[in-house]
Number of protein chains: 2
Amino acid sequence: MTTYPITPRTKVKRGQQRASYDVELVHNILDEAYICHVGAKMADRPMVQPTVHWRVEDKLYIHGSSKNGLFQTLLAGEEACITVTILDGLVMARSSFHHSANYRCVMIFAKATKIEEESEKLRLLDLMMEKITPDRLKDVRGPNPQELKATTVLAFDLKEVSAKVRTGPPVDDDEDYALPVWAGVIPVDQKLGKPVDDPRWVEDHGRKD
Amino acid sequence: MTTYPITPRTKVKRGQQRASYDVELVHNILDEAYICHVGAKMADRPMVQPTVHWRVEDKLYIHGSSKNGLFQTLLAGEEACITVTILDGLVMARSSFHHSANYRCVMIFAKATKIEEESEKLRLLDLMMEKITPDRLKDVRGPNPQELKATTVLAFDLKEVSAKVRTGPPVDDDEDYALPVWAGVIPVDQKLGKPVDDPRWVEDHGRKD
């Protein structure tokens, strides 16, 4: 499969020229972003919660406390909309109306399945660690049975999926190109900074460098 | 008012030590972030859409096409949950279980009000431009009547609001501090890069520098 099927619900209605159903593109966006926003209808309100996500093959995973209200709602059968957004740039046009943003966004509709099997939960949590901080797993203490029990891992099938992407310079009205105002894109970059030692690490081991 | 009232719906239930209802903190998070995620129950699915937001006094605003399906749902009276998340760091603990993220998040429950008055809409859209790209407004062409008409501006009262914030180093189990693995925080920074000229600007004016 190289593209997700377009369903009545995943068909992008506004800005169709920006829509994509390409599996590789979707995977790349999901793999690059650290957090997603998970939405569902709860009993007394709509809910949108940020959380770390990770992908393994054609499933998206999130984890959290088994006491999380949204998780309980999802496990009771409410469908989720999970949205992952990477902001890439501020698009500066010659008219205020045509200002825009460059971004890559994935939207998923799916119901949650709870990972029950302990060894599978362990395997998946290890893969999350590998995504967030590669090559660290071998050095840290792994989860004990109580920690594993307190952690719920939810799986979502990547079946009803769409992406929306804007790239490139502003698109202005023909007559506005004559205006003397600068136009272009201001890139927005998310970068990892220099690690900050835990003060208790410094107490015990001195500064890292 | 210096804090938002805690309602049954805004009371943070999990991780209460990270909850805040401080108005200034909430405003700062909303003002720093470019995008929010707006969630609501649509007829055939839950929906979470990213969009640019801006704040003026104690209201949050978003804008978009009047044909946007989510906007139509909100204007039909569905309540929104609007979540703004800034990821500040990856928290590296000595056990995999205590790995975490430093973040600042605001969650708002509110119904949308459409800004009908044209001059007020103009004023608000100008304030959005001022937030995203200060001091540019004077140079660009402002919206014409058709553009204004095609743009819907929605207002949300900041009344049912909570923030959740994690800062600082990992918190490990006592016995794990003896482990030899490095622990600390890897900062995540969002930065604006060097502006990229619109190729049509370069054609007409040469490179900016």
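The values are calculated or read from the model by the stated rules, or taken from the named source; none is laboratory data. These numbers come from a predicted model, not from an experiment. Glycine gets a Cβ as well: all are built from the backbone with ideal geometry, and neighbour counts include every protein chain shown.
Data table
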read-out: Within region A:138-154, considering residues that are more than 7 Å from chain B (Cβ to nearest Cβ) and in a loop (DSSP other than H, G, I, E, B), the one surrounded by the most Cβ atoms within 10 Å (Cβ to Cβ); value: A:N144
read-out: Single condition A:K111 does not satisfy, out of (1) within 30 Å of A:K149 (Cα to Cα); (2) without any contact (Cβ under 8 Å) to a residue 40 or more places away in the chain; (3) surrounded by fewer than 21 Cβ atoms within 10 Å (Cβ to Cβ); value: (2)
read-out: Selection from region B:26-43 of residues that are out of contact with any Lys or Arg (no Cβ under 6 Å at 6 or more places or on another chain) and either in a strand (DSSP E or B) or within 12 Å of chain A (Cβ to nearest Cβ) (or both); value: B:A33, B:Y34, B:I35, B:C36, B:H37, B:V38, B:G39, B:A40, B:M42, B:A43
read-out: Qualifying residue in region A:170-184 (condition: within 21 Å of the chain's Cα centre (by Cα), more than 21 Å from B:Y103 (Cβ to Cβ) and either assigned to a loop (DSSP other than H, G, I, E, B) or not aliphatic (A, V, I, L, M) (or both)); value: no
read-out: Tally of residues being surrounded by fewer than 23 Cβ atoms within 10 Å (Cβ to Cβ) and among the aliphatic types (A, V, I, L, M) across region B:94-106; value: 1
read-out: Residue among A:V52, A:V48 that is under 16 Å from A:A110 (Cβ atoms) and modelled with pLDDT of 95 or more; value: A:V48
read-out: Single residue of A:V12, A:V23 found to be β-branched (V, I, T) and either without any contact (Cβ under 8 Å) to a residue 40 or more places away in the chain or more than 13 Å from every other protein chain (Cβ to nearest Cβ) (or both); value: A:V23
read-out: Flag for B:L125 being under 28 Å from B:L70 (Cα atoms) and within 11 Å of chain A (Cβ to nearest Cβ); value: yes
read-out: Some residue of region A:155-167 being among the basic types (K, R) and at the interface with chain B (Cβ under 7 Å from one of its Cβ atoms); value: no
read-out: Residues of region A:67-99 classified as polar (S, T, N, Q) and more than 21 Å from the chain's Cα centre (by Cα), total; value: 2
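Every residue, every condition in (1) part of a strand (DSSP E or B); (2) at the interface with chain A (Cβ under 7 Å from one of its Cβ atoms); (3) aromatic (F, W, Y); (4) closer than 22 Å to A:L124 by Cα, yes or no:
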site: B:L74; (1), (2), (3), (4): no, no, no, no
site: B:G77; (1), (2), (3), (4): no, no, no, no
site: B:T85; (1), (2), (3), (4): yes, yes, no, no
site: B:L90; (1), (2), (3), (4): yes, yes, no, yes
